[in-house]
Amino acid sequence: MSTMENPTNIVWHKSPVEKLDRQHLLQQKGCAIWITGLSGSGKSTVACALSQGLHMRGKLTYILDGDNVRHGLNRDLSFKAEDRAENIRRIAEVAKLFADAGIICIASLISPYRKDRDVCRALFPEGDFIEVFMDVPLHVCENRDPKGLYKLARAGKIKGFTGVDDPYEPPLNCEIVLQQKGRDCAPPGEMAETVISYLEEKGYLQA
Ligand SMILES: Nc1ncnc2c1ncn2[C@@H]1O[C@H](COP(=O)(O)OS(=O)(=O)O)[C@@H](OP(=O)(O)O)[C@H]1O
Ligand SMILES: Nc1ncnc2c1ncn2[C@@H]1O[C@H](COP(=O)(O)OP(=O)(O)O)[C@@H](O)[C@H]1O
């Protein structure tokens with residue numbers, strides 16, 4: 001049978017130490033914070049600020065950054081739609097394991113397709129998938145262009161670059177939107193605090 005089909009003859013093995021026990025030990029609830037947005041919108045920056053903010057409060061986090069995971073686990077994947085879907089699916093499965101470990105897992109990747117993000121959401125118990133949209137206009141991301149990739153894409157040297165000649169579908173109903181304030185973006189620390197307040201309010205920072 002192909003690896004895409006459901007496995008047969010495999011039985012779930014239960015462990016004597018369960019998610020609730022781990023959460024009790026850590027005094028937090030495992031979940032996935034899924035940061036989506038264009039390249040250059042500030043996903044990695046806010047992921048780091050969030051991880052730092054939570055660490056300072058004694059909370060255990062782990063960042064899965066699209067760029068980084070593509071250096072290892074997902075190094076075989078390109079940027080065509082099916083490979084992006086597989087990139088996102090694998091990262092969601094890893095995030096699910098981290099959440100089961102009781103860890104607050106911060107995934108930051110473009111994840112441009114709504115359908116793919118909804119598939120990820122469906123892997124998690126209600127509430128445990130927290131989608132955060134970096135609502136930063138393309139022209140702002142393009143002006144930042146820290147890696148020079150927009151420039152290469154505009155020059156036709158990268159094909160299928162998100163926002164240039166590949167789509168980005170903004171979330172319709174996500175948990176948190178981090179927006180520009182007037183002409184400026186809020187500082188990353190302030191954005192991280194918005195997410196931390198949400199986690200606090202929803203009870204994720206206690207067991
Ligand atoms: N064609 C194309 N489109 C978009 N981005 C590209 C592309 N080629 C390379 N890059 C660089 O790869 C980073 C995005 O990887 P992700 O894993 O987050 O993308 S995706 O979720 O699978 O769409 C992205 O990093 P960020 O800038 O941090 O978003 C880019 O630096
Ligand atoms: N809130 C912010 N305000 C202003 N500049 C920012 C902000 N967040 C990130 N940046 C800058 O934007 C660029 C892209 O940020 P990055 O976190 O790498 O984005 P992404 O991970 O979405 O590609 C970097 O040069 C970073 O310093």
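Quick note: the coordinates plus some simple rules give every number you see, no bench work behind them. Just so you know, these numbers come straight off a predicted model, no measurement behind them. As a convention, Cβ positions derive from the backbone with ideal geometry for all residues, glycine included, and neighbour counts pool all protein chains shown.
In table form, for the structure just shown:
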| read-out | value |
| --- | --- |
| Part-to-part distance (alpha-carbon centres) for the range 171-206 and the range 57-88, which is given in Å | 22 Å |
| Tensor-based shape of the chain (alpha-carbon gyration tensor, a/c under 1.5 rounded, otherwise prolate or oblate) | oblate |
| Global form of the range 94-173, assessed from the alpha-carbon gyration tensor, a/c cut-off 1.5 | prolate |
| Gain in span if fully extended, E175 to L25, counting 0.36 nm per residue against the direct Cα distance | 51.3 nm |
| Helix-only mean residue ellipticity at 222 nm for the chain, each DSSP H run of n ≥ 4 adding -39500 (n - 2.57), per residue, nearest 500 | -11500 deg cm²/dmol |
| Label-point separation in nm, D83 to K157, each point 7 Å along Cα→Cβ | 1.9 nm |
| Computed E for C48/N9 - FRET, C-beta separation, R0 41 angstrom, nearest 0.05 | 0.45 |
| For the range 33-158: relative contact order, % (alpha-carbon pairs under 8 angstrom, 6 or more apart) | 42 percent |
| Selected from C105, I158, L178, residue furthest toward positive end of dipole (the chain; charges at beta carbon) | I158 |
